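Worksheet for the structure shown next.
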Amino acid sequence: MMPRDARPDADQALDELRRILVGPELDVAQRVEQVEHRIDDPRTRSEDVSQVLPQALLARKDDPALAHAMEKPVAAAIGKTVRRDPKPLVEAIFPVIGPAIRRSIAHAMRQMVEQFNAALENSLSPKSLLWRLEARRTGRSFAEVVLLKTLVYRVEQVFLIRRESGILLRHVTAPDVEARDANLVSAMLTAIQDFVRDSFSAGPEDAVETLQVGEFAVWVAQGRQAVVAAVIRGSPPAELRKGRQEAVDTVERDMATELGDFDGDTAPFEACEPALEACLGQATARKKSSLLPALVFALALAGVLWMGYGFLEGLVAQRRWEAYLERIEEEPGLVVTASGKRDGRFFLRGLRDPLARDPADLLGDLDAGTIAVNWELYVALDPALVLKRVVQAMEPPSTARLRLDGTVLIVTGEAPAAWSRRLERDGPLLPGVTRVDTSGLAEVER
Amino acid sequence: MIQKKICMLGAFAVGKTSLVQRFVSSIFDERYHTTVGVKIDRKDVRVGDRDVSLMLWDIHGEDEFQKLRLSYLRGSSGYLVVADGTRRTTLDRAYALQGVAERTVGKAPFVLLVNKADLKGDWNLEPGDLDEARSRGWKVLETSAKTGDHVEEAFLHLASRMLEG
């Protein structure tokens, strides 16, 4: 048997023999081994895939299955990124949504200010009650009703119509205007034109230029192939008509090819929107005299200021009262039993030791006239007051020192013997003192 | 969105309006017929992958009091001619109206609808009456306002023919 360490030599020899015997096939075996390695080793495989991944994605970019497969991981990745650090995403989308938000806010603000101004100006006019009723009846906001009522005119809808077929090419509306099926209205408007032209045997170039119905007017400007019709509420000034005609001319000039080759596809006429939007517009009647609203505003302002001052004043008084109560609570010999506010005045009921500090000294900034106080006398057992009472009753010599330990009166220093006797006898009769300790007192003869 | 104007023509009381009533969106009522002489409705159809909005001008049936207003036909991309199977004369009228329409709007796709198919027992058409139309290559559909038979088909056929042309 071959020794164990001789084995590698034997393996090498075997490989050598194999190479001599089956030379070319060995290369194949090696390549198979390499391929196996590439497949089995995750790192090599990742490198391989990474080289073709971009091309692979590009090749399948139109395949809905790819979008479907990527939908969830991409959403999850974005979600995770945002949770971790929203800043990069915010920075990426800000250029897009920033201006949009700004525009939207500016628009909303402008509309609000316009409506508010109009509402304020008319809030006290005699008509306002009727308008309020109308607002309630129609479900519109009061400001909106005021705006509609004070309008001289407003162009609410503009139709761009293919002249012969009556097909609606484009339609724009003012904000908050509800339009019924504009395609049908456009066709019917054309039918009415035809009807009137036929009925009065007018020439093909003649057209109904104005339709007036109640508070609405329809102004029609006709071109060779297109018609612009504006629905106007109120009484528009004559110069407005020029704008309609200019819009038709612009459209016919800019869209000559599209109008000529028109086959029912209205999409290209989106480009006409700016010209049509320029026809939208409105004018509001300004009141000649603005004295009344100004007066109302001034009065309202004064009222608000007065209420604000009253409120502040009340707040300050309350704060001063609370501070007063706090000072009383801290003062020995003064006890508050009830306090509060009644009929606009602060009141206080309490107990007061005759030896305690005069509560009037504690008033601070509080006006004594604004409060009602009712003190009842009592004897406080507060150590400071007990000592005060002892001093008042016993008149100790200046050489004696008094202090309290609970209810025991301890006397030290020096004092005449007679006074010491009197203290020992009368001291325990005073409230708050049960015993007198004179052991630390040196008696002196006078 | 593609929009097309189509017209509906036919003699008086062939049932044009009731034929399409259930199939179209409408904001105008019947009175327009007797006043302006036309009522306009909208019919949206889908041809292949294209949405087509048909503006249907339902033109008042010609009678002794009201003449057909040709101006309503102008700008049409196609039309429906309606006859009443129970009245032979309305078919003659339909042939005549088709001629008028062709002279006004030129060669445009159209469909001949022979209405009241639900009353086929009462029809008084000769067996060869419709063959003449078919032999001219016309699309002829027997429709019923009551059951709605072939109405949708008529719109679809007309829409796809208009898109081809």
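The values are calculated or read from the model by the stated rules, or taken from the named source; none is laboratory data. This is a predicted model, so every value here is computed, not measured. Every residue, glycine among them, receives a Cβ derived from its backbone with ideal geometry; neighbour counts consider all protein chains shown. SASA here: full protein model, heavy atoms, side chains in, ligands and nucleic acids out. Shrake-Rupley method; radii C 1.70, N 1.55, O 1.52, S 1.80 Å.
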Compare A:R349, A:R327, A:R319, A:R83 by solvent-accessible area with a 1.4 Å probe and give them largest first, with all protein chains kept in place.
A:R83, A:R319, A:R349, A:R327
Name the residues of the range B:71-90 whose accessible area, probed at 1.4 Å, falls by at least 30 Å² once all protein chains are in place instead of their chain on its own?
B:S71, B:Y72, B:R74, B:G75
Counting heavy atoms of the protein chains only and a 1.4 Å probe, report the per residue accessible area for the range A:383-444 as a whole number of Å².
54
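Of all accessible surface on the range A:294-377 at a 1.4 Å probe, what whole percent is carbon and sulfur? Spell out each step's value before the answer.
Working: 3350 of 5610 Å².
Carbon plus sulfur share of accessible area: 60 percent.
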The range A:278-374 - convex hull of alpha carbons, volume per residue in Å³:
174
Answer with one residue from B:S144, B:L113, B:L54: the one whose Cα lies farthest towards the positive end of the charge dipole of chain B, charges on Cβ with Lys, Arg +1 and Asp, Glu -1.
B:L54
Residues of the range A:294-377: accessible area per residue at 1.4 Å, in Å²?
67
Scan around B:F28 for amide H atoms under 5 Å from its own, H built in the peptide plane at 1.01 Å from N, and keep only partners 5 or more places away or cross-chain.
none
In the range B:23-38, which residues give up 40 Å² or more of accessible area once the other protein chains are added, compared with their chain alone (1.4 Å probe)?
B:I27, B:F28, B:V36
Residue-normalised accessible area of the range B:2-164, given per residue in Å² at a 1.4 Å probe:
43
Using alpha-carbon positions, the gyration tensor of chain B gives root eigenvalues a ≥ b ≥ c; with a/c under 1.5 called rounded, otherwise prolate if a/b exceeds b/c, else oblate, the class is rounded
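So what is the orientation-averaged projected area of the range A:188-306, using the convex hull of its C-alpha atoms, in nm²?
On the way: hull surface 48.4 nm².
For the range A:188-306, the mean projected area of the Cα convex hull comes to 12.1 nm².
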With all protein chains present, the range A:383-444 has a carbon and sulfur share of its accessible area (1.4 Å probe) in percent of 53
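For the range A:383-444, count all C-alpha to C-alpha pairs, find those more than 13 Å apart, and express that count as a whole percent of the total.
When every Cα pair of the range A:383-444 is considered, 53 percent fall beyond 13 Å.
So how many Å³ per residue does the convex hull of the Cα atoms of chain A work out to? Intermediate values should be presented prior to the final figure.
Details: hull volume 208.6 nm³, N = 446.
Per-residue hull volume (Cα only) is 468 Å³.
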What do you get for the angle between helix A:240-254 and the principal long axis of chain A? Use alpha-carbon atoms, 0 to 90 degrees, nearest ten.
50
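Please compute how much accessible surface disappears when B pairs with A, both sides summed, using a 1.4 Å probe, and round it to the nearest 100 Å².
Numbers: alone 8250 and 30610 Å², together 36810 Å².
By this definition, chains B and A bury close to 2000 Å².
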Backbone HN-Hα couplings from phi across the range A:395-402 [Karplus 6.51/-1.76/1.60, Hz, Gly and Pro as x]:
6, x, x, 5, 7, 8, 10, 10
With the cut-off at 31 Å, tell me which of the pairs B:K39/B:K139; A:K242/B:K43; A:K242/B:K107 have Cα atoms farther apart than that.
A:K242/B:K43; A:K242/B:K107
Any chance you could check the range A:174-192 for residues losing 20 Å² or more of accessible area when the partner protein chains are in, compared with the chain on its own (1.4 Å probe)?
A:R180, A:D181, A:N183, A:L184, A:A187, A:M188, A:A191
Given +1 on the Cβ of Lys and Arg, -1 on the Cβ of Asp and Glu, and no further charges, what dipole in debye does chain B carry about its Cα centre, rounded to the nearest 20?
520
Starting from the amide H of B:C7, placed 1.01 Å from N in the peptide plane, find each other amide H under 5 Å away whose residue is 5 or more places distant or on another chain.
B:W57, B:G78, B:Y79, B:L80
Just to verify a number: what accessible area does B:S25 come out at with the full protein assembly present, 1.4 Å probe, Å² rounded to tens?
50
Whole-percent carbon and sulfur contribution to the accessible surface of the range B:2-164 (1.4 Å, no ligands, DNA or RNA) stands at 49
Per GNM of chain A with C-alpha springs under 10 angstrom, the most fluctuating residue out of A:R140, A:R38, A:R132 is A:R38
Work out from phi, with θ = phi - 60° and the Karplus expression 6.51 cos²θ - 1.76 cosθ + 1.60, the ³J(HN,Hα) of each residue of the range A:93-104, listed in order in whole Hz, and give x for Gly and Pro.
8, 4, x, 7, 8, x, x, 5, 5, 4, 4, 5
